[in-house]
Amino acid sequence: WSSTFFGPTKIEESLRAIAERFDDKIKKNVEKVIKKYRKEMDEVIAEYKPRLDGKTAMLFVGGLRPRHTIGAYEDLGIQITGAGYEFAHQDDYDRTAPEMAKGTLIYDDVSEFELEKFVEEFKPDLVGSGIKEKYVFQKAGIPFRQMHSWD
C-alpha cells in the first residue's frame, strides 16, 4: 500500500488504509471526514471533468512520483498515456506499473530529445514535468503543468 493525497479517490483510499490500522472510532471518524468533503470534491470534478474527460497526459518527473498524481488526473477523466522518472529505483516502477492502464508507456531517465519524440508520437493533451521541459512544450503549443516548483 502506498498513500497518496492527490485526487479524491486516492485521498479516500489512503485515509481508509490509515484508519484500518486503528480502532472502529477512528474508522468511523474517517468516514465522517470523507462524507464532509465529498460534496465539495464532487463539485470540482463536475466543473472540470466535462472539459477534460477523454484527454491524455504524459508525465516525467524527478522527486514527485507519477504514481502519486495519476489518480488525480483520472478523477478528472484524463488518461495517462506515458509516465517516467528522472531519478528512479526498481521499487518506483514496481509500485507505479499497477497504477497505469494497460499499454501505458513507461520511460526511465529519458533525454529531452527522447521525451520530445514520445510526445510527438503519443500527442498528449497535456505534459506534466519539470522546469527543463517547460519551455520546449509551451513553445510547441502543448499545455504544460510544471510539477517541480509548482509555479
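Before moving on, here are some points about what is shown:
- Rounded to the nearest 10 degrees, the inclination of helix 8-19 to the longest alpha-carbon principal axis of the chain is 50 degrees.
- Normalised contact order of segment 53-146, rounded percent, pairs of Cα under 8 Å and 6 or more residues apart: 32
- Element breakdown for the chain at a 1.4 angstrom probe: carbon and sulfur atoms account for 56% of the accessible area.
- Comparing the chain with the 2.2 N^0.38 Å rule of thumb, its C-alpha radius of gyration ratio is 1.13 (two decimals).
- Charge dipole magnitude, Cβ of K and R +1, D and E -1 - the chain, Cα centre, debye nearest 20: 680
- Flagged links, alpha-carbon separation over 27 Å, of 49/102; 10/32; 28/102; 55/102: 28/102
- Principal axis box of segment 1-67, alpha-carbon based, largest edge first, Å: 40, 30, 15
- With contributions of -39500 (n - 2.57) from each DSSP H run of at least four residues, the per-residue ellipticity at 222 nm computed over the chain stands at -16500 deg cm²/dmol.
- Equivalent-ellipsoid semi-axes for segment 87-138 (Cα gyration tensor, √(5λ), whole Å, largest first): 21, 14, 10.
- Nonlocal amide H pairs with residue 144, under 5 Å, H built at 1.01 Å: 127
- Mean-position separation - Cα centroids, segment 79-133 and segment 3-63, in angstrom: 23
- Residues residue 101 and residue 34, FRET efficiency given R0 of 30 Å [Cβ-Cβ distance, rounded to 0.05]: 0.75
- For the chain, the longest principal axis of the alpha carbon atoms and the long axis of helix 112-122 meet at an angle near 70°.
- Among 70-82, 12-24, the order from most to least packed when residues are scored by Cβ within 10 Å on average: 70-82, 12-24
The values are calculated or read from the model by the stated rules, or taken from the named source; none is laboratory data. Given the structure is predicted, the values throughout are model-derived calculations rather than measurements. Positions of Cβ are generated from backbone atoms using ideal geometry, with glycine treated the same way; all protein chains shown enter the neighbour counts. To get the accessible areas, we keep the full protein, side chains included, count just its heavy atoms, and leave off ligands, DNA and RNA. Shrake-Rupley method; radii C 1.70, N 1.55, O 1.52, S 1.80 Å.
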